[in-house]
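The values are calculated or read from the model by the stated rules, or taken from the named source; none is laboratory data. Since the structure is predicted, the reported quantities are computational estimates derived from the model, not experimental observations. Reconstructed Cβ throughout: ideal geometry from the backbone, glycine too, with neighbour counts over all protein chains shown. For accessibility, only protein heavy atoms count, side chains too; no ligands or nucleic acids. Shrake-Rupley method; radii C 1.70, N 1.55, O 1.52, S 1.80 Å.
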Amino acid sequence: MKLLALKPGESVLDMGCGAGSIAIPLAQAGHPVIAADFSPAMLGTLDAGIEYYGLEDLITPLELAWDDDWDLVGPVAKAVDVAFASRSVTTNDLKGALAKLDRTARRRCAVTMVANSSPRYDLHLMNAIGASVACSNGFVYAFNILIQMGALPQVTYFESPRRDTFDSLEAGVADFSRMLEHGNEDKFDRLRDYIAQHMIENPHAGEPGSKGVPQGRYMLDHVRKVRWTFIAWEPVSSGRP
């Protein structure tokens, strides 16, 4: 939200809004928000949050996917001051997605994309057990596409910490084993040994975690960090079809 650098009262499109983790605080700060997502379930959760916080006049939910024809079901051209997609650019047509944000915004556009390995992975753990991890270069493609579009994208990097908790060694192994794919399946024993050696008591066990679920009894002795890139640019399209 700080990186978006919104001006007071500016309207925004939150594309891929999910349950409203950004849309709701933006509305609470006085910004009219079009909160769009392809998932009816997510929008249903968002609706509950809108009602709970009394934000019906500031948030407009919209069922919308990247691959939809935005001329038919999306916001009209230049509908908002700022259009952004935070960690939600999930489409095979990256150029088309960036162009849609560009078309929708009057002053500023932005995307947040992963800048190393997928958030699914604990890079520290994977390196420790000798597992291979593919890194995402999607943000590089986005930067290059924007340059080709005639934009002058600004790039900022930041990290978000994550704590994975679990109630037993076996539960932790079962959870982290999801990372052992794409040729890493033979690292299961190393994974188990690592967790057994590095699991510690969680002082916040039972308290709600970042997703509202009670935290487990144990956690690893390091903080998992996910690196993100925030790319912002001034719209270059006129908004005309």
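Please report the relative contact order for the chain, taking Cα pairs under 8 Å with a sequence separation of at least 6, and give it as a percent rounded to a whole number.
Answer for the chain is 20 percent.
Out of Ala110, Ala77, Ala174, any idea which swings most in a Gaussian network model of the chain, alpha carbons joined below 10 Å?
Most flexible of the set in this elastic network: Ala174.
Please state the shape class of region 1-93: rounded when a/c is under 1.5, otherwise prolate if a/b exceeds b/c and oblate if not, all from the C-alpha gyration tensor.
Oblate shape, in that a/c is at least 1.5 and b/c is the bigger or equal ratio.
Contour minus end-to-end for Asp67 and Leu3, with contour as 0.36 nm per residue of separation and end-to-end as the Cα-Cα distance?
Here the answer is 20.4 nm.
I'd like the orientation of helix 94-104 relative to the chain: the angle between its Cα long axis and the longest Cα principal axis, in ° from 0 to 90, rounded to 10.
Its long axis makes an angle of about 40 degrees.
To test your reading of the geometry: what angle, between 0 and 90 degrees and rounded to tens, separates the Cα axis of helix 138-149 from the longest principal axis of the chain?
That works out to roughly 20 degrees.
Compare Gly130, Gly30, Gly138 in a GNM of the chain, Cα atoms joined below 10 Å, and give the one with the largest fluctuation.
Gly130
Using the basic label-point model (7 angstrom from Cα toward the beta carbon), what is the Asp193 to Arg217 distance in nanometres?
Result for the modelled spin labels: 2.5 nm.
With angles folded into 0 to 90 degrees, how steeply does helix 188-198 sit against the dominant principal axis of the chain? Use alpha carbons for both and round to 10.
On a 0 to 90 degree scale, this one is about 90.
Would you mind telling me the share, in percent, of accessible area of the chain contributed by carbon and sulfur at probe 1.4 angstrom?
Carbon with sulfur: 53 percent of the solvent-accessible area.
Taking springs between alpha-carbon atoms closer than 10 angstrom, which of Ala35, Ala134, Ala19 fluctuates most in the Gaussian network model of the chain?
Greatest mean-square fluctuation among the candidates belongs to Ala134.
Apply 1/(1 + (r/R0)^6) to the Cβ-Cβ distance of Asp167 and Arg120, taking R0 = 22 Å, and write down the FRET efficiency to the nearest 0.05.
Computed FRET efficiency for Asp167 and Arg120 comes out at 0.60.
Give me the net charge for the shell around Lys187: Cβ to Cβ below 11 angstrom, other residues only, Lys and Arg +1, Asp and Glu -1.
Counting the neighbours of Lys187, the net charge comes to -3.
As a test of reading the structure, rank Lys100, Lys2, Lys95 by solvent-accessible area (1.4 Å probe, protein chains only), most first.
Lys2, Lys95, Lys100
Order Met42, Met179, Met219 by their accessible area, 1.4 angstrom probe, all chains in place, largest first.
Met42, Met219, Met179
R0 = 25 Å: FRET efficiency of Glu207 with Tyr157, Cβ-based, nearest 0.05?
The formula returns an efficiency of 0.25 here.
So how much accessible area does Val89 have, in Å² to the nearest 10, using a 1.4 Å probe?
Surface accessible to solvent at Val89 totals approximately 30 Å².
Per 0.36 nm of contour for each residue apart, how much would the distance between Lys225 and Glu51 grow if the chain were fully extended, relative to their Cα-Cα spacing?
59.3 nm is the gain from fully extending Lys225 to Glu51.
Sequence gap of 8 or more, or different chains, plus Cα separation below 20 Å: how many lysine pairs satisfy both in the chain?
5
Rounded, prolate or oblate: which one fits region 33-167, using the alpha carbon gyration tensor with axes a ≥ b ≥ c (rounded when a/c is under 1.5, else prolate when a/b beats b/c, else oblate)?
oblate
Let me know the shape class of region 42-122, please: from the alpha-carbon gyration tensor, a ≥ b ≥ c as square roots of the eigenvalues, rounded when a/c is under 1.5, otherwise prolate if a/b is greater than b/c, or oblate.
Since a/c reaches 1.5 but b/c is at least a/b, the shape of region 42-122 is classed as oblate.
Keeping every protein chain present and rolling a 1.4 Å probe, give me the accessible area per residue for the chain in Å².
Value returned for the chain: 53 Å² of accessible area per residue.
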